[in-house]
Amino acid sequence: MSTALIILAAGNGTRMKSDLPKVLHPVAGAPLLIHAMRAGAVLEPDRTIVVAGRAAEQVEAAVNGFGQSARIALQTERKGTAHAVAQAQPMLEEYDGDAVVLYGDTPFISPQTLERMAAARRTHDIVVLGFEAADPGRYGRLVMQGDTLERIVEFKDASEAERAITFCNSGVIAAPARMLFDLIGAVGNDNAAAEYYLTDIIGIARDRGLSATAIACDEAETLGVNSRTELAGAEAAFQQRARRDAMENGVTLYAPDSVYFAFDTVIGRDSLVEQNVVFGPGVSVESGAHIRAFSHLEGCHVARGAIVGPYARLRPGAELAEDARIGNFVEVKNAQIGEGAKINHLSYVGDADVGAGTNIGAGTITCNYDGVMKHRTEIGARAFIGSNTMLVAPVRVGDEAMTASGSVITKDVGDGDLALARADQINKPGMARKLFDLLKSKKKKQQKEAG
Ligand code: UD1
Ligand code: MG
């Protein structure tokens, strides 16, 4: 069965008090909308339509930026959820598959839940996702008859008896696309909110003899974001789950509450993450790696057995091969660090290749930027870069080559060669003592004059 995702994202988001559309606010480094799309990916949708209320280009750019694709339908007037879904219809004119409606501000619907909905679609025309609400509040109520969903009643329109129902509508719904649009065509707005309710399609479908059911998920999955406080709550919920998942997958966290994961962090088993580590987007860490305290990683790969930190920063494009070591106050960006290579102290290595077994001394800097363009530094295998070497890129240091401490390397260094690029040292015998005497007598004289 082919599937189209329709993601509703046209809400005003007034309570966010933001110039950014609500669905683009991030949780764990990805917009809320991207979380919804990633969950929906389990259904292998062959198209995704995001119904946005404004800033269509901004929404589209964000979607593309996260490697996803979607078409944006604009809903310029907010007339209710059925009206919102109807905006996707022109983009699904010839479409014969299923449609699954998700909310762009509800990031935690799990792939497993969507799979269960798809399974229920084999036996029912329409499947709605419900949840047992601890506090049913203003949610729409699911009126069940056995396992048949008879209708959904919005809180505003519900009777006392209906309000007593605790099985509530999450908003997620699956149905054949054509049937969905056909049913929406019959929805009116004669209700307490004068809105076109998507939820009305269930009663209409039942009147037409179609079958409908609801499956239940955990209430936590249906958590929506409407304010900055709820955004922070969603972040906390995400982090709590990510920490638990990491530990369940065999990762040791010394202080789980101080480790922050991104939406796509991958960490292999038997790796160890110390206190106060932050993973930005795009990080993968292989088994048995050790990320020490106060390190910040994003867009990088750490291979098996590598040790990072404490106080290290791995930026996008940092690739650490097995057993590499990145120590304190070292920044690595867009650089391949070979097997067993060591950059242990106070260095910047960017736009570089560092060969296996090479040792980079303290304070080394790859001068990769000339103010206009970036250039690469290549360092071979088993080389030794002396402390405080400036490598002015583009430049190459060969295999088993050495640079002397304090060198400013502007020319390539051949395999096995030693480069010395600093002023010669001159020693003046006894001169230091003479200088001390001179300076001390000067100081005494000044103190006498000052009284
Ligand atoms: C909706 C459901 C309710 C359910 C609840 C779950 C309807 C009529 N009601 O109510 O049964 O329990 O969600 O949270 O469907 N949106 C648009 N365009 C619109 C209106 C809404 O894009 O014209 C989007 C919103 O951005 C939001 C979602 O649809 O993401 C739901 O809209 P909202 O106004 O929050 O609906 P509720 O009243 O909460
Ligand atoms: Mg709502």
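Quick look at the values:
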read-out	value
Evaluation of Ala356 against (1) surrounded by fewer than 19 Cβ atoms within 10 Å (Cβ to Cβ); (2) farther than 24 Å from Pro316 by Cβ; (3) of a type in the set (A, V, I, L, M) (one fails), failing number	(2)
Residue within segment 122-145 that is of a type in the set (Gly, Ala, Ser), part of a helix (DSSP H, G or I) and either within 13 Å of ligand 1 (Cβ to nearest atom) or surrounded by 13 or more Cβ atoms within 10 Å (Cβ to Cβ) (or both) present	no
Residue selected from segment 217-236 under the condition more than 16 Å from ligand 2 (Cβ to nearest atom) and among the acidic types (Asp, Glu), by the criterion surrounded by the most Cβ atoms within 10 Å (Cβ to Cβ)	Glu235
Ala119 being free of Cβ contacts under 8 Å to residues at least 40 places away in the same chain, within 21 Å of Leu210 (Cα to Cα) and away from ligand 2 (no atom under 16 Å from the Cβ)	yes
Residue in segment 278-288 that is outside any helix (DSSP H, G or I), aromatic (Phe, Trp, Tyr) and more than 27 Å from Met117 (Cα to Cα) present	yes
Selection count where residues are among the hydroxyl-bearing types (Ser, Thr, Tyr) and buried (at least 17 other Cβ atoms within 10 Å of the Cβ), scope segment 60-94	1
Criterion: among the small types (Gly, Ala, Ser) and in contact with a strand residue (DSSP E or B) (Cβ under 9 Å, 6 or more places away or on another chain) - qualifying residue of Ala404, Ala423	Ala404
Among the candidates Thr113, Thr106, residue that is within 13 Å of His35 (Cβ to Cβ) and in contact with a strand residue (DSSP E or B) (Cβ under 9 Å, 6 or more places away or on another chain)	Thr106
Boolean, Phe167 is within 16 Å of ligand 2 (Cβ to nearest atom), farther than 22 Å from Leu5 by Cα, at pLDDT 95 or above and aromatic (Phe, Trp, Tyr)	no
Qualifying residue in segment 36-44 (condition: assigned to a loop (DSSP other than H, G, I, E, B) and in the same structural domain as Pro176 (by TED's automatic domain parsing))	yes
Looking only at segment 237-274, and only at residues there that are within 15 Å of His35 (Cα to Cα) and either more than 16 Å from the chain's Cα centre (by Cα) or in a helix (DSSP H, G or I) (or both), the one that is nearest to ligand 1 (Cβ to nearest atom)	Ala237
Enumeration of residues in segment 82-106 that are within 16 Å of ligand 2 (Cβ to nearest atom) and either part of a helix (DSSP H, G or I) or over 20 Å from Val187 (Cα atoms) (or both)	Ala82, His83, Ala84, Val85, Gly104, Asp105, Thr106
Checklist (1) assigned to a helix (DSSP H, G or I); (2) surrounded by fewer than 20 Cβ atoms within 10 Å (Cβ to Cβ); (3) within 35 Å of the chain's Cα centre (by Cα) applied to Asp182, failing item	(3)
Criterion (within 16 Å of ligand 2 (Cβ to nearest atom), charged (D, E, K, R) and more than 23 Å from Leu149 (Cβ to Cβ)) met by exactly one of Arg78, Arg47	Arg78
Within segment 322-378, tally of residues that are closer than 21 Å to Pro310 by Cα, in contact (Cβ under 8 Å) with a residue 40 or more places away in the chain and under 28 Å from the mean Cα position of the chain (by Cα)	1
Single unsatisfied condition, Ala177 versus (1) surrounded by fewer than 18 Cβ atoms within 10 Å (Cβ to Cβ); (2) more than 10 Å from ligand 1 (Cβ to nearest atom); (3) closer than 22 Å to Asp207 by Cα; (4) not polar (S, T, N, Q)	(1)
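Okay, residues lined up against (1) out of contact with any Asp or Glu (no Cβ under 6 Å at 6 or more places or on another chain); (2) modelled with pLDDT under 95; (3) not small (Gly, Ala, Ser):
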position	(1), (2), (3)
Thr3	no, no, yes
Ala30	yes, no, no
Ala39	yes, no, no
Asn64	yes, no, yes
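Let's see how each residue does on (1) loosely packed, with under 15 Cβ neighbours inside 10 Å; (2) within 16 Å of ligand 2 (Cβ to nearest atom):
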site	(1), (2)
Ala4	no, no
Leu8	no, yes
Asn12	yes, yes
Asp19	yes, no
Lys22	no, yes
His25	no, yes
Pro31	no, no
Ile34	no, no
Met37	no, no
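The values are calculated or read from the model by the stated rules, or taken from the named source; none is laboratory data. Predicted model, so just to flag it, every value in this text is computed and none were measured. Methodologically, a virtual Cβ is constructed for each residue, glycine included, from the backbone with ideal geometry; neighbour enumeration extends over all protein chains shown.
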